[in-house]
Structures are given as structure tokens and as C-alpha cells.
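Below is one structure, written out as C-alpha cells; the observations come after it.
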């Protein structure tokens, strides 16, 4: 079923703020924090430059332009994460990080597929084209 224009921003907000989505991001973050603490590694407490730039670009957009940029970023970010987690799960040197990557990869791949599906739905209804 295609996702129609007025629902997409609401969908993005719902996906980001829903309890299952929050838990699916929070639990691995907590696990990684614990692994890092065990190894004496300090994780960043704020967004990196790349993600601050993404946030700033999105903050300037509204409506269709926001939806297009947001889903494009989600697709690219999840594609990148899936690739990195897959590599870590297959070739990582730390057994606990390998296990973490292996266990987390399925959720990342689900989110990646969802992002791709939303992007395809936007194309199907024409909302992924820039205004003329």
C-alpha cells in the first residue's frame, strides 16, 4: 500500500517516537555503552559533525522537501549502518562486539528495508520528486 503525502511526516514521527521503535534503538545503544565501558572507551555524548549537518539541513525544510530529504538520509544512514554491522559481525576481532553486531544486524536490516519501502512508496505517489 503506498504511503500518501499527508501521512508521511506523521509516519516518520510515529516511527521515531513509537515505543517499539524507541526500544529497538535504545536497547542496542545501552548494550554498546556497556561494552564500551567494560573496555574503558568513552562514547560520544553528542551528535558528530555529519549528523549535526543532517539535522541542520532538515530543520530548514518543510512538507514534501522535508519528507524527501529525511527518507533519503534514513536510507543512506541505514545502508551504511547495515554494511558496517555486517562487516563487524563477519570480520571483527572482538568476540563480544562481533556478537553484538550479529544480534543487532537483523533490526538494522529491518529498519533499512522499511526506509527503502517508504522511499519506493513516495516515488509511487510522486512525492519524491522535487517541485518544479
Contact list please: Cβ distance under 9 Å, first residue in region 71-87 and over 20 Å from residue 101 (Cβ atoms), second residue outside any helix (DSSP H, G or I), pairs at least six apart or on different chains.
71/128; 72/128
Any residue at all in region 48-55 that is surrounded by 13 or more Cβ atoms within 10 Å (Cβ to Cβ), in contact with a helix residue (DSSP H, G or I) (Cβ under 6 Å, 6 or more places away or on another chain) and more than 20 Å from residue 105 (Cα to Cα)?
yes
Considering 43, 105, which residue is exposed (fewer than 11 other Cβ atoms within 10 Å of the Cβ) and either within 18 Å of the chain's Cα centre (by Cα) or assigned to a loop (DSSP other than H, G, I, E, B) (or both)?
43
State whether the residues of region 15-37 include one that is at pLDDT below 55 and either under 28 Å from residue 120 (Cβ atoms) or surrounded by fewer than 11 Cβ atoms within 10 Å (Cβ to Cβ) (or both).
yes
Are any of the residues in region 69-77 over 19 Å from residue 31 (Cβ atoms), loosely packed, with under 12 Cβ neighbours inside 10 Å and touching a helix residue (DSSP H, G or I) at 6+ places or on another chain (Cβ under 9 Å)?
no
In region 89-102, is there at least one residue being under 18 Å from the mean Cα position of the chain (by Cα), part of a helix (DSSP H, G or I) and in contact (Cβ under 8 Å) with a residue 60 or more places away in the chain?
yes
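The values are calculated or read from the model by the stated rules, or taken from the named source; none is laboratory data. Fair warning: this is a prediction, and the values are worked out from it, not measured in the lab. Glycine also receives a Cβ, built like all others from the backbone with ideal geometry; neighbour counts cover every protein chain displayed.
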